[in-house]
1. Select, from 117, 110, 20, the only residue that is without any contact (Cβ under 8 Å) to a residue 24 or more places away in the chain and among the charged types (D, E, K, R).
2. Tally the residues that are of a type in the set (Asp, Glu) and either under 15 Å from residue 132 (Cβ atoms) or modelled with pLDDT under 95 (or both), restricting the search to the stretch 202-222.
3. Could you look through the stretch 48-78, keep only residues that are of a type in the set (Gly, Ala, Ser) and touching a helix residue (DSSP H, G or I) at 6+ places or on another chain (Cβ under 6 Å), and pick out the one that is surrounded by the most Cβ atoms within 10 Å (Cβ to Cβ)?
4. Pick from 187, 199: which is within 25 Å of residue 68 (Cα to Cα) and modelled with pLDDT of 95 or more?
5. If residue 82 satisfies every condition in (1) among the small types (Gly, Ala, Ser); (2) over 28 Å from residue 179 (Cα atoms); (3) crowded, with 20+ Cβ neighbours inside 10 Å but one, which is the exception?
6. Only one of 138, 119 is surrounded by fewer than 23 Cβ atoms within 10 Å (Cβ to Cβ) and modelled with pLDDT under 95. Can you tell me which?
7. Can you name the condition, by its number, that residue 72 falls short on among (1) touching a Cys at 6+ places or on another chain (Cβ under 8 Å); (2) at positive phi?
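The values are calculated or read from the model by the stated rules, or taken from the named source; none is laboratory data. The structure displayed is predicted, hence computed values, not measured ones. Note: ideal-geometry Cβ built from the backbone for every residue, glycine included; neighbour counts use all protein chains shown.
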Amino acid sequence: MILQPLHPRILSIRRIPNADPALLLAYGADPERHRSLGLVTATQDDPTYVALDEATKHARVDVVFAKSFYAGANHGSGPLSGEILGVLAASNPEEIDEGLRALVRCLESDACFYAADEAQKTAVFPHVISSLGHYLSALAGLSPGDAMAYLVAPPMEATIALDMALKAARVRVAKIFPPPTETNFAAAWLTGPLEECEAASVAYCEAVVRVAANPKGEVWGS
């Protein structure tokens, strides 16, 4: 399959070199270890979670805050809100800069949604992380360096596709996010050998495309 990529857009990216301790605490940082913050908003949440994890592999940064906004980027509270706010924390601004550079590279050239239909109304995120950083690995209950398939689609498509992915590859579930997520999607994190994660991702994506093209299925004679 060759699907049309739907690239995320970074809407804002800023650094606070010497953050107030109260602000650090409010956003989950530790004033004993952290002094600087890096903040980013973007139009796609799941690629940004991947990019935040990527930052932890290239700099001594921690992801202290990352939350999706309800209903998605088209319903943001302002022009810079997008679909997510992510916050990195570090002991110095130089580490923040290095982490943000890695994050930007990931969003520009790696992690993105894809259109699963010609009208580009159905989006799928069939992303495989070959080596987890310490952010997503902790959330998934895995170890840094593990492979993980990060799979997202709308509710019906995601449910059918997850079943297909689990049957198509020797992977195990790290976590399932039933619908609705904050952005009204559904998601799953699967882990196993890298090639099996890739096989699961392909099966997931193929199923999303098939459901989008034939939503009522053969059972109903359509």
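1. 20
2. Residues meeting the conditions: 1.
3. By that ranking, first place goes to 55.
4. 187
5. For residue 82, the failing item is (2).
6. On inspection, the qualifying residue turns out to be 119.
7. (1)
Quick grid of which residues meet (1) under 14 Å from the mean Cα position of the chain (by Cα); (2) part of a strand (DSSP E or B):
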| position | (1), (2) |
| --- | --- |
| 70 | no, no |
| 74 | no, no |
| 77 | no, no |
| 81 | no, no |
| 95 | no, no |
| 100 | no, no |
| 104 | yes, no |
| 118 | no, no |
| 124 | yes, yes |
